[in-house]
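The structure under discussion appears below in the form of structure tokens.
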Amino acid sequence: AQEYYNEKFESANEFLLGAKFYHNQNIYKKSAFLLHQACENLFYAIRLVYTLQNAKTHNLARLLDSVKKCSDEFIRVFPQNSAEEKRLFNLIKAAYVDGRDNPDFQVTSEDIDALMPKVESLRDITERICIERSVSYVEN
């Protein structure tokens, strides 16, 4: 579990750094794509630590659903309780394909500004709950 976590968490942090770099370069579609990749790897880290299983998918909605049982904090990261929250989640969800292949896909600096703290929060929750889970394995 620790090895899986280390690999996926490190990848997520690298994607997050890349997203920040591209945001600073005003390359918002690439930034959104990398934020998606960061989320994907964080969700993978959680699934691997908690279940040692990880069927591959790029669908963030499915990944989010698959980890909700690990912590109720994920609801606060992507609450989807307003039209704007739904739009932001759909934007990051679509960034995997559309961020690379769709010339009409639009992402603004403000979108990245709104999504970045969400992904950072997801990272922090992931780190905490995965470390707690790993410690519980050692204690048992």
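The values are calculated or read from the model by the stated rules, or taken from the named source; none is laboratory data. As the structure is a prediction and not an experimental result, all values here were calculated from the model. Methodologically, a virtual Cβ is constructed for each residue, glycine included, from the backbone with ideal geometry; neighbour enumeration extends over all protein chains shown. Calculation scope for accessible area: heavy atoms of the full protein, side chains included, ligands and nucleic acids excluded. Shrake-Rupley method; radii C 1.70, N 1.55, O 1.52, S 1.80 Å.
The figures follow:
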quantity	calculated
Given charges at Cβ of Lys, Arg, Asp, Glu: the chain dipole, positive-most of Val97, Leu34, Ser11	Val97
Between helix 109-139 and the chain: long-axis angle, C-alpha atoms, 0 to 90°, nearest 10	10
Length-normalised contact order of the chain in % [C-alpha pairs under 8 Å, at least 6 apart]	33
Per residue value of the accessible surface for region 1-127 (all protein chains in place, 1.4 Å probe), Å²	51
Computed helical MRE - 222 nm, the chain, DSSP H runs ≥ 4 contributing -39500 (n - 2.57), nearest 500	-26500 deg cm²/dmol
With every protein chain in place, the chain: carbon and sulfur % of accessible area (1.4 Å)	49
Spatially close lysines, pair count over region 1-76: Cα under 24 Å, gap of eight or more or interchain	12
Cα gyration tensor category, rounded, prolate or oblate, for region 1-124 with a/c compared to 1.5	prolate
Cα-centre dipole for region 1-123 with unit charges at Cβ (Lys and Arg positive, Asp and Glu negative), debye to 20	260
